[in-house]
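Report on one structure; see the data block that follows.
The values are calculated or read from the model by the stated rules, or taken from the named source; none is laboratory data. Fair warning: this is a prediction, and the values are worked out from it, not measured in the lab. Note that each Cβ is placed from the backbone with ideal geometry, even for glycine, and that neighbours are counted across all protein chains shown. When the accessible area is computed, the model is the full protein with side chains, heavy atoms only, and any ligands, DNA or RNA have been set aside. Shrake-Rupley method; radii C 1.70, N 1.55, O 1.52, S 1.80 Å.
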Amino acid sequence: MERGMNKVVLVTRKTRLHELIQKYNTMEQARFYIEHLGADFTDYLREDKRYREAVEKVAAAAEKYARVQRIDRDFLPNMLFGEKDIVVAVGQDGLVANVMKYLDRQPLIGINPDPARWDGILLPFEAGQAEKAIFKTLAGNYAAKEITMAQASTQDGQCMLAVNDLFIGLRTHASARYDITWNRETEHQSSSGIIVSTGLGSTGWYKSVITQAAGIASAFGGREFKAGRLSWDAERLIFVVREPFPSRSTGCGIVFGEIGERDDFRVLSKMPGNGVIFSDGIEADAIEFNAGTEVAIRMAPRKGMLVTA
């Protein structure tokens, strides 16, 4: 295996300690802020130390077999990944989701830097297992799961992918107003926004919304139900309208359903300002969704590839 022909992109994220120091300028001021609130600052130090150690262990393992490029999560939107790049994300599950939507079938290896702290559903490897995982992936001798992603496309050419979910609504807590079309039915609505979930995201935000609905239904004597879990490669998406408001001009007939390959799902904004579409909880990287903008939601044409063994 020729090292010079291989490239590993190592994606990291700032720790809580790093973000505190950025905000308060020095370690001492960050410590004062946290301890003034009665919190344990040493936990921030332990987390940061464990994370940095894990990153260096993974980097050292990768450098044995490939050229290594390090990139912080914040710079992902501007990163151009090579067709044959191997991508390694060291962090929490959310980092894996953030990285995957910028890839085009490049294999992604998720590394859990602190198994005692993070569950790591999308992080099948620990730092000590990174070398074996990287070697097998570079050799093409690896197992991977395909991940279905969602895609939001506006009529003016803007496009956004989601690994977990899309949010369509307002930046604020005010009601979003829009026309929703599902196949051949259209309805004017006022709500707290729409969530479109992938199979991977069916255990996240979608599950929270369904759990709330189930609790309310149970309190009123309704039938008990639970949020269903889709497989990561399920060939469909699920949408949920949050807190739809019935009135003379707004309806609540289209509040839940699936979006398959042949289904037409569109939303037309009726909001003069502050309308947004964002994915996977990253509000800073959003599409403006103001009056006249229409978005079509469907499954993305490409899949994510998460290395599992």
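Brief remarks follow.
- Selection from ALA133, ALA219, ILE194, by position along the positive dipole direction of the chain (Cβ): ALA133
- For the chain, calculated [θ]222 nm from helices alone, where every DSSP H run of n ≥ 4 adds -39500 (n - 2.57): -7500 deg cm²/dmol
- In the context of the full protein assembly, LEU45 retains an accessible surface of approximately 60 Å², using a probe radius of 1.4 Å and ignoring ligands and nucleic acids.
- The residue list SER279, LEU76, LEU37 was ranked by how far each Cα lies along the charge dipole of the chain toward its positive end, using unit charges on Cβ atoms, and LEU76 comes out on top.
- Taking 0.36 nm per residue of separation and subtracting the current Cα-Cα distance, fully stretching the chain between THR211 and GLN22 would add 64.3 nm.
- Restriction of the trypsin sites (Lys or Arg not before Pro) in the stretch 153-194 to DSSP coil positions whose beta-carbon has at most 11 other beta-carbons within 10 angstrom yields ARG184.
- Solvent-accessible ranking of GLU261, GLU47, largest area first, probe 1.4 Å: GLU261, GLU47
- Accessible-area rank, largest first, for ASP74, ASP114, ASP43: ASP74, ASP43, ASP114, with all protein chains present and a 1.4 angstrom probe.
- Ratio Rg/Rh, restricted to the chain and using Cα atoms, in which Rh is the Kirkwood radius: 1.01
- The chain: angle of helix 27-36 to the longest principal axis, Cα-based, in degrees nearest 10: 50
- Share of carbon and sulfur in the accessible area of the chain stands at 49%, probe radius 1.4 Å.
- For the stretch 209-251, the Cβ-based charge dipole about the Cα centre amounts to some 120 debye (Lys, Arg positive; Asp, Glu negative; other atoms uncharged).
- Using only side-chain charges placed at the Cβ, +1 for Lys and Arg and -1 for Asp and Glu, the dipole size of the stretch 1-128 relative to its Cα centre rounds to 340 debye.
- Axis angle, to the nearest 10 degrees, between helix 41-63 and the longest C-alpha principal axis of the chain: 70 degrees.
- Lysines whose Cα lies under 25 Å from that of LYS7, excluding same-chain neighbours fewer than 8 positions away: LYS57, LYS64, LYS84, LYS101, LYS132, LYS136, LYS145, LYS303
- Between helix 205-219 and the chain: long-axis angle, C-alpha atoms, 0 to 90°, nearest 10: 50
- Sorted largest first by accessible area at a 1.4 angstrom probe radius, with every protein chain in place, the residues MET27, MET79 fall in the order MET27, MET79.
- Measuring only protein heavy atoms, the 1.4 Å probe finds THR308 accessible over about 50 Å².
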